[in-house]
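The values are calculated or read from the model by the stated rules, or taken from the named source; none is laboratory data. These numbers were taken from a predicted model, which means no experiment stands behind them. Neighbour counts run over all protein chains shown; Cβ positions are idealised from the backbone, glycine included.
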């Protein structure tokens with residue numbers, strides 16, 4: 001009996017005191033991707049796991065130049081526990097991070113070597129910080145987190161302090177001219193004048209930095225108080241997430257779409273209440289199942305009746321078989337999207353407009369008026385035949401694309417140099433995107449008129465070019481073929497598409 | 001100016017193709033003009049994609065506005081140094097080309113002003129490793145080096161595209177009032193009138209061997 005009691009105590013102690021990594025996910029998280037390492041590592045090795053793109057993000061957070069030779073395998077991570085990547089955003093803060101198990105703390109800090117000890121929160125929870133990130137360690141689980149105040153909060157707080165001190169706009173030229181010396185004869189003196197004047201913009205930006213720094217600290221403190229002191233953790237607030245964790249699959253994802261409306265809570269509280277009715281319980285959950293030569297994703301969407309009605313109309317659509325012609329077997333990745341946009345619009349209009357019409361907010365009322373007028377006046381046949389709701393996107397790999405560069409050309413006699421524009425090639429990820437259209441003449445009409453005023457848009461006969469469209473360097477190509485409007489940064493693909501793959505407009 | 005590169009090194013070495021020109025005009029009295037150009041136009045897709053990030057390799061990526069502010073700060077500080085005038089910096093944010101130029105009343109003044117400006121911007125005294133003369137002028141010969149610490153720092157930045165640096169160049173040009181008698185770097189070319197030197201090295205090789213640009217130019221005696 002004594003042995004059984006000891007065994008029970010031991011099991012209970014393990015259950016109570018062993019911290020699971022998923023237990024550290026903050027309740028503010030609206031999206032979580034949880035990797036079940038036990039399931040996953042039966043199928044693939046850790047070395048293979050760390051080569052996946054989603055692990056690359058974790059890798060980048062963990063490793064810098066000083067840990068060049070190390071890998072996730074050396075990081076002291078307990079692969080018997082889950083790795084959970086989370087994201088959340090509300091009106092004030094955006095949180096991103098991941099939680100994981102710790103097997104060897106010493107090894108962990110040989111990789112997290114830019115983290116300094118910050119505090120021991122409650123005697124059981126250690127906090128470490130680096131320039132951007134914070135590491136929270138509780139028992140044998142850890143959470144790496146970044147808390148960023150949203151830009152609107154930083155700006156609003158800074159402005160309230162700035163103007164409360166009697167300052168004018170930091171960007172107002174009058175404010176600066178008043179303090180500058182009235183000497184503007186030469187370029188040289190211009191610099192001296194500026195250095196003697198008060199740089200309001202610089203002062204404002206410094207205040208902005210200080211406010212951001214304080215808000216980050218404040219946000220982190222509030223989050224840690226919630227997670228550590230008050231148990232504000234996702235596992236305590238989201239039964240659906242807990243249920244997901246019981247699935248015997250390689251990974252699960254959890255997206256709480258009802259959180260997307262948090263921002264309405266303070267801006268339009270009445271609308272928040274009404275919209276909440278529609279989006280209440282709108283959860284997208286899914287399982288990631290590894291097969292021998294494939295990955296299956298099993299998605300479940302939970303929604304109420306009204307949202308369900310919109311989804312039903314949205315899904316009442318046939319896949320456009322023309323799209324298949326543009327997805328080749330050698331494309332590393334692709335996705336297709338197929339909805340009946342017109343039916344979805346009409347159902348959404350029917351459900352949402354009465355809710356919006358009840359609002360007292362001036363902005364909402366004006367928007368409802370505009371929506372109703374557009375609904376009455378716009379040629380919906382033309383609109384929904386131009387974009388029906390079927391689209392595809394392919395990733396065609398990394399290719400050399402033509403760009404322009406500036407070269408220095410030297411005079412052999414004087415070694416003076418001039419800038420000369422010449423052709424160049426750079427590696428670029430190549431994408432193709434297209435959508436089904438019965439009114440390809442409408443995008444063509446738009447491009448024809450835009451090309452008259454924008455020299456960057458050129459008609460090449462069978463296709464259009466938008467120069468310097470990608471990163472202000474590489475062109476995009478557009479064409480209309482086989483009932484599809486296609487956009488790509490792969491010139492060869494567009495040229496072949498425009499000639500070989502069909503002449504039928 | 002080489003030391004100022006310390007500030008830009010992370011961005012420069014994260015990009016693959018880079019062309020740099022330093023163009024020094026040195027008059028008999030030690031005064032002159034320094035022009036410095038950094039051309040990243042052949043890597044503008046890559047530079048733009050890095051600038052679109054918040055951080056890269058655990059280092060904060062500056063915004064264009066922050067880069068402009070830093071450049072303006074450098075310009076104002078350097079312009080206020082005695083003996084320095086006509087400080088101009090042109091930043092082309094479409095092709096990513098930076099062109100700097102300034103006049104100086106003596107080459108020693110230029111070095112001192114650059115050191116002080118960099119120390120002020122870094123809010124710390126110049127590190128001893130970067131101290132010392134990178135250019136010296138005795139009225140007849142001019143000697144130029146790249147401090148080893150700068151080269152070491154550049155090598156510390158890891159970049160998977162480093163082999164692509166092989167297409168980049170560093171060009172060092174010197175212009176003088178009188179004819180050149182001899183140069184110590186065998187790769188250094190002279191113009192037909194022998195009043196200018198041209199030394200171009202590969203950016204990748206320079207990263208591995210900072211002594212490639214070392215050169216002493218001896219001028220003919222003053223008449």
How many residues are at pLDDT 85 or above and under 27 Å from the mean Cα position of the chain (by Cα) when one looks only at segment A:78-91? 9
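Scan segment A:404-415 and give yes if some residue there is over 20 Å from residue A:487 (Cβ atoms) and in contact (Cβ under 8 Å) with a residue 24 or more places away in the chain, otherwise no.
Scanning segment A:404-415 turns up at least one residue that is over 20 Å from residue A:487 (Cβ atoms) and in contact (Cβ under 8 Å) with a residue 24 or more places away in the chain.
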Within segment A:321-355, residues assigned to a helix (DSSP H, G or I) and touching a strand residue (DSSP E or B) at 6+ places or on another chain (Cβ under 7 Å) come out as A:322, A:323, A:326
Suppose we keep only residues that are in contact (Cβ under 8 Å) with a residue 40 or more places away in the chain and within 17 Å of residue A:399 (Cβ to Cβ) within segment A:453-485. Which one would you say is farthest from the other protein chains (Cβ to nearest Cβ)? A:475
Please go through segment A:116-162 and give me each residue that is part of a loop (DSSP other than H, G, I, E, B), out of contact with any helix residue (DSSP H, G or I) (no Cβ under 7 Å at 6 or more places or on another chain) and either in contact (Cβ under 8 Å) with a residue 24 or more places away in the chain or within 14 Å of chain B (Cβ to nearest Cβ) (or both), ordered by number. A:130, A:131, A:132, A:140, A:150
For segment B:177-198, the count of residues that are more than 10 Å from chain A (Cβ to nearest Cβ), closer than 24 Å to residue B:19 by Cβ and surrounded by 15 or more Cβ atoms within 10 Å (Cβ to Cβ) equals 3
Test: residue in segment B:157-165 that is modelled with pLDDT of 75 or more and within 13 Å of chain A (Cβ to nearest Cβ): no
Residues of segment B:65-110 satisfying the condition of being in a loop (DSSP other than H, G, I, E, B) and within 17 Å of residue A:199 (Cα to Cα): B:80
Counting just the residues of segment A:410-430 that are over 30 Å from residue B:25 (Cα atoms) and crowded, with 18+ Cβ neighbours inside 10 Å, which one comes out farthest from the other protein chains (Cβ to nearest Cβ)? A:430
Tally up the residues in segment A:391-409 that are surrounded by 14 or more Cβ atoms within 10 Å (Cβ to Cβ), more than 11 Å from chain B (Cβ to nearest Cβ) and modelled with pLDDT of 85 or more, please. 6
Looking at segment A:195-216, is at least one residue in a helix (DSSP H, G or I), in contact with a helix residue (DSSP H, G or I) (Cβ under 7 Å, 6 or more places away or on another chain) and at pLDDT below 70? yes
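Would you call residue B:38 more than 10 Å from chain A (Cβ to nearest Cβ) and farther than 30 Å from residue B:109 by Cβ?
Spelling it out, it is not the case that residue B:38 is more than 10 Å from chain A (Cβ to nearest Cβ) and farther than 30 Å from residue B:109 by Cβ.
Residues checked against (1) in a strand (DSSP E or B); (2) free of Cβ contacts under 8 Å to residues at least 24 places away in the same chain; (3) surrounded by fewer than 23 Cβ atoms within 10 Å (Cβ to Cβ):
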site	(1), (2), (3)
A:81	no, no, no
A:84	yes, no, no
A:87	yes, no, yes
A:91	no, no, yes
A:94	yes, no, yes
A:99	yes, no, no
A:106	no, no, yes
A:110	no, no, yes
A:113	no, no, yes
